[in-house]
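**Student:** I'd like to ask some things about the structure below.
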Amino acid sequence: MSFVQYRWKLPIILFTAFLFSSPLSATQTLIYSDHEPLGNMRTRFINDVFFAAIEKESHGRINIEAQWGSELSNGYDALAMAGEGKKADIAVVVPEYAPSALPLHQLFKSFPVGPSGAQQVAFFREVFSRIPAFSDELSRANVSPVFIATGYPLAFFSSKPINNLTDMKGQTWRSASFWHQAFLKNTDAKAVTMPWGDATYKALQSGSIDGLMLNIDSGYDLNAQRYAPHVLVSKELWLGHVYLLVINQARWASLSEEDRAAIQRAANDAYAQLGSVMDHSFDKQIADLKHSGASVRILKPQEVLAWEDKTQYPQVQLAWVKDQETKGVVNMKDTLEKVSHILQTYR
């Protein structure tokens, strides 16, 4: 073979070797399941920021095939589905939908006041890094957390003018959380729960309920101001809501160390952006509510503290902890104390 012939064959040999050795030949698809449709801030952020970062950090080796709007599972079955690992590899899990499997995770909502935005993101990251009981609880469900998306502050949508949170005495309010129902009762209000939909709208119109206690984004997405146009809100009215993106443990173990590291880098990239995105979205929601004709007032710090005191949340927490201990749940009191200590550093 002449030198000229060899010179032309060499690039072909190298390119062929690249095809067989390149990580691109090991592209993997991870199936993701979400009970909400793609469109709101949370789902858009996960898709456009976190999933995009995974593709970037893995240099295209990992492809996320996302299924939205309960195509694979509703929110209540998501944890079991991810743990089984047959229909999906990754799923978003709302701890409130799986209280029996994730009793420790219910503690987050037991605090009426807490951080928002970047501080809230930092709080949850510190909790999961410093308190292994939470990851252990997920491990028992055969999943591992890969990203912690957080929720928006709490808001009160009232059908009639409301000056402050002490005005709810004697009124009837809808809330889906058992923690918030206890808080309402401690403020001398009556708490009820009902499925969201026409029944709730009719209850507001008829006066059988006076208002809704829910996260500001849910009220915004559901146009709650049409029937309850008087809104009280504060960034410090903490909801403690988390959306856990968890991966099946066997699937996680099957990934190369390089690919697991890429997903972790992508999560760090997303965390760095999440706080500011949530702050911007919160401000937009408030502006849109006002533009639609709602009367929106941001509570003063002292009003938030007065609400916190009224809820008697420490007594509510202790009663619930004792109840869980009778059911055999361990580490409940210790975990509560650790979470409370970390939360105080972010207030």
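**Student:** Which residue out of Ala203, Ala224, Ala228 is open to solvent by less than 30 Å² (accessible area, probe 1.4 Å) and closer than 25 Å to Leu305 by Cα?
**Tutor:** Exactly one of Ala203, Ala224, Ala228 is open to solvent by less than 30 Å² (accessible area, probe 1.4 Å) and closer than 25 Å to Leu305 by Cα, namely Ala228.
**Student:** A further question follows. Tally time: how many residues in the range 194-224 are at pLDDT 95 or above and in a helix (DSSP H, G or I)?
**Tutor:** Residues flagged as at pLDDT 95 or above and in a helix (DSSP H, G or I) within the range 194-224 amount to 1.
**Student:** Do you know which residues across the range 288-309 are under 13 Å from Asn163 (Cβ atoms) and of a type in the set (Asp, Glu)?
**Tutor:** Glu303 - this is the single residue of the range 288-309 that is under 13 Å from Asn163 (Cβ atoms) and of a type in the set (Asp, Glu).
**Student:** Another question, if that's okay. Which one is farthest from Gln264 (Cα to Cα) among residues in the range 144-175 that are assigned to a helix (DSSP H, G or I) and open to solvent by 10 Å² or more (accessible area, probe 1.4 Å)?
**Tutor:** Ranking the qualifying residues of the range 144-175, first place goes to Asp167.
**Student:** Does at least one position in the range 319-327 carry a residue that is more than 30 Å from Met81 (Cβ to Cβ), more than 17 Å from the chain's Cα centre (by Cα) and of a type outside the set (Val, Ile, Thr)?
**Tutor:** yes
**Student:** Hey, could you check the range 206-221 for residues that are surrounded by fewer than 23 Cβ atoms within 10 Å (Cβ to Cβ) and within 21 Å of the chain's Cα centre (by Cα) and say which is nearest to Gln344 (Cα to Cα)?
**Tutor:** Asn215
**Student:** Identify all residues within the range 288-323 that are of a type in the set (S, T, N, Q), open to solvent by less than 50 Å² (accessible area, probe 1.4 Å) and over 18 Å from His180 (Cβ atoms); write none if there are none.
**Tutor:** none
**Student:** Can you go through Lys310, Lys284, Lys322 and tell me which one is part of a helix (DSSP H, G or I), of a type in the set (Lys, Arg), closer than 19 Å to Arg42 by Cβ and out of contact with any strand residue (DSSP E or B) (no Cβ under 7 Å at 6 or more places or on another chain)?
**Tutor:** Residue meeting the stated conditions: Lys284.
**Student:** Quick one: which of Ala191, Ala118 is in contact with a helix residue (DSSP H, G or I) (Cβ under 8 Å, 6 or more places away or on another chain) and either assigned to a helix (DSSP H, G or I) or within 30 Å of Ser254 (Cβ to Cβ) (or both)?
**Tutor:** Ala118
Each row is one residue, and each column tells you yes or no for (1) farther than 29 Å from Glu325 by Cα; (2) modelled with pLDDT of 95 or more; (3) touching a Pro at 6+ places or on another chain (Cβ under 9 Å); (4) open to solvent by 10 Å² or more (accessible area, probe 1.4 Å).
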residue: Asp48; (1), (2), (3), (4): yes, yes, no, yes
residue: Phe51; (1), (2), (3), (4): yes, yes, no, yes
residue: Ile54; (1), (2), (3), (4): yes, yes, no, no
residue: Gly60; (1), (2), (3), (4): yes, yes, yes, yes
residue: Asn63; (1), (2), (3), (4): yes, yes, no, yes
residue: Trp68; (1), (2), (3), (4): yes, yes, yes, yes
residue: Leu72; (1), (2), (3), (4): yes, yes, no, yes
residue: Tyr76; (1), (2), (3), (4): no, yes, no, yes
residue: Leu104; (1), (2), (3), (4): no, yes, yes, no
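The values are calculated or read from the model by the stated rules, or taken from the named source; none is laboratory data. No experiment lies behind these values; they were computed from the predicted model shown. Note that we place each Cβ from the backbone using ideal geometry, even for glycine, and neighbour counts take in every protein chain shown. Only protein heavy atoms, including side chains, enter the accessible area calculation; ligands, DNA and RNA are left aside. Shrake-Rupley method; radii C 1.70, N 1.55, O 1.52, S 1.80 Å.
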